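A short write-up of the structure that comes next.
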Amino acid sequence: MKLTAGTVILAFVIVLFSCGRGEKLQPGIIQEDTMDSLLWDLSLAEDFAITYLGKDSGRNKNDEILKEYEKVFAIHHVTRDQFRKSFDYYRSRPEIFKKLIDSTNARAQRRRQDMFRNDIKLN
């Protein structure tokens, strides 16, 4: 079989258009980069609620966490239902979900390292 320039170009175009084209998001699903930021902000909000608001014995820790979550949703212009639908969507796609969770964990690790470095500089 002899390959012509046209055949090679056609094959290249097919590969080019098939690569990098992931699954198209369903309507109402939050974009992956927005979801990444949202998960990070939710983890910070939960940490804040547990660390600072949870110390007040007159407050219900779970209620405070939910209030902080609602603030994050408002900042990102997302409803709780949109988040839940998107979270379930990404969770049902383990390769994407793992990437989101790994990104959040890596960001937290970098933050801990930065805080540790800054603490050493102060001493």
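Once R0 is set to 22 Å, what does the formula 1/(1 + (r/R0)^6) return for the Cβ-Cβ distance between ARG107 and GLU32, expressed as a FRET efficiency to the nearest 0.05?
0.90
Classify the range 29-122: rounded, prolate or oblate, from the alpha-carbon gyration tensor (a ≥ b ≥ c, eigenvalue square roots; a/c under 1.5 rounded; otherwise prolate if a/b is larger than b/c)?
It is oblate, given that a/c is not under 1.5 and a/b is not larger than b/c.
Set the Förster distance to 25 Å, then compute FRET efficiency between ILE50 and GLN82 from the Cβ-Cβ distance, nearest 0.05.
In this case the efficiency is close to 0.55.
Among SER103, SER86, which comes first, second and so on when ranked by fewest other beta-carbon atoms within 10 Å?
Final ranking by Cβ density, sparse to dense: SER103, SER86.
Laboratory data are not the source of any read-out in this text; all were calculated from the coordinates shown. Note that the structure is predicted; figures quoted are calculated from it, not measured. Every residue, glycine among them, receives a Cβ derived from its backbone with ideal geometry; neighbour counts consider all protein chains shown.
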